[in-house]
Amino acid sequence: ILAAGGESLDAAVAAVRVLEDDPTFDAGLGSFLNAAGEVELDAAVMSSTGMRAGAVAGVKRIRNPVEVARQLLLEGDAVLLVADGAEEFARESGLPLCAPTELHLAREVRRFHELRENGTDPLASFGPLPGDTVGAVAVDDRGEVTVAVSTGGRPLKPKGRVGDSPIIGAGLVAEEGLGAVCCTGWGEGILRISMARMALDRLAELPPETACQAAVQALYTKVGGRGGVIAATPRGEVAFAFNTPRMAVGYRTALMEEGIVRVESSPTLITS
């Protein structure tokens with residue numbers, strides 16, 4: 001989309017939609033089940049142009065919640081809609097709904113029963129192995145930067161729990177002249193320190209990679225959290241940092257050979 005001169009909004013949403021449709025990730029199809037054995041999805045989109053934003057949380061009947069967030073950004077009079085209200089907005093906007101069970105992957109149903117039988121939730125507090133929330137940041141040739149994020153949350157999360165992903169300033173943020181940031185990891189910790197805004201503010205004074213590292217360091221120092229952040233600036237700079245055992249990151253810039261995507265997953269920041 002970007003190589004063809006398209007807008008960053010379309011590019012970021014398209015990237016996240018691909019990941020929502022891939023059962024590898026904790027977003028859309030393949031999401032973890034909550035404590036009630038249900039899938040509840042969160043997603044958000046934000047553009048640096050006018051700081052437009054749309055977000056949904058706790059939806060159960062939408063395969064691609066990032067599309068609903070995009071539609072809310074474009075035409076809604078609210079920034080965040082939840083549960084039935086978000087699904088009603090999707091229906092009125094002509095976006096498809098599905099049966100909740102269509103999002104229940106057999107792998108995750110087995111995981112749900114195993115965790116219930118074991119009586120433990122490995123991500124309940126510290127979050128040593130945060131889930132596979134997906135996100136994308138994109139900058140187009142007009143300098144507009146957009147961020148999109150989607151998640152199913154952590155395994156066995158309490159029914160109705162909303163993490164950082166759909167919360168502007170915590171899970172994502174974008175601002176003209178600075179760039180866009182997306183976070184992943186222990187949602188409760190990311191919420192408490194407003195991690196996305198923290199990283200974005202540092203982009204004004206630090207190199208992008210250093211800004212990302214500072215935000216991840218703060219997550220650990222302030223609340224003992226693990227997670228990661230990706231960022232892009234209006235100048236096309238790409239940066240990321242994380243303190244989890246791994247975080248898969250793929251990116252492409254205009255300076256790369258056509259068709260090349262660089263993929264990295266080794267730690268850029270480990271804090272003991």
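The values are calculated or read from the model by the stated rules, or taken from the named source; none is laboratory data. Treat the numbers as computed from the prediction; the structure is a model and nothing was measured. Cβ atoms come from the backbone with ideal geometry, glycine included; neighbour counts cover every protein chain shown. These accessible areas exclude ligands, DNA and RNA; they are computed on the full protein's heavy atoms, side chains included. Shrake-Rupley method; radii C 1.70, N 1.55, O 1.52, S 1.80 Å.
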With the structure loaded, tell me whether ALA239 is open to solvent by less than 30 Å² (accessible area, probe 1.4 Å), under 25 Å from LEU19 (Cα atoms) and over 15 Å from the mean Cα position of the chain (by Cα) or whether it fails that test.
yes
Name the strands (runs of 3 or more DSSP E) wholly within segment 207-256 that hold at least 2 residues that are touching a residue at least 60 places away in the same chain (Cβ under 8 Å)?
227-232
Complete set of residues in segment 37-67 that are β-branched (Val, Ile, Thr) and without any contact (Cβ under 8 Å) to a residue 40 or more places away in the chain:
VAL59, ILE62
Would you mind telling me which numbered condition in (1) modelled with pLDDT under 95; (2) buried (at least 17 other Cβ atoms within 10 Å of the Cβ); (3) of a type outside the set (Phe, Trp, Tyr) LEU81 fails?
(1)
Count of segment 141-177 residues which are over 23 Å from ASP21 (Cβ atoms), charged (D, E, K, R) and touching a helix residue (DSSP H, G or I) at 6+ places or on another chain (Cβ under 7 Å):
3
Starting from residues that are in contact with a strand residue (DSSP E or B) (Cβ under 8 Å, 6 or more places away or on another chain) and not in a strand (DSSP E or B), keep the ones in segment 30-63 and report whichever is surrounded by the fewest Cβ atoms within 10 Å (Cβ to Cβ).
MET51
Please verify whether ALA12 is over 20 Å from VAL82 (Cα atoms), assigned to a loop (DSSP other than H, G, I, E, B) and either open to solvent by less than 40 Å² (accessible area, probe 1.4 Å) or in contact (Cβ under 8 Å) with a residue 12 or more places away in the chain (or both), treating the condition exactly as stated.
no
Given the conditions (1) in a loop (DSSP other than H, G, I, E, B); (2) modelled with pLDDT under 95; (3) farther than 24 Å from VAL145 by Cβ, every one holds for PHE25 apart from (3)
Somewhere in segment 101-116, is a residue in a helix (DSSP H, G or I), without any contact (Cβ under 8 Å) to a residue 12 or more places away in the chain and over 20 Å from PRO155 (Cα atoms)?
no
Which residues, taken from segment 157-198, are of a type in the set (A, V, I, L, M, F, W, C), modelled with pLDDT of 95 or more, in a loop (DSSP other than H, G, I, E, B) and open to solvent by 10 Å² or more (accessible area, probe 1.4 Å)?
VAL162, ILE167, LEU178
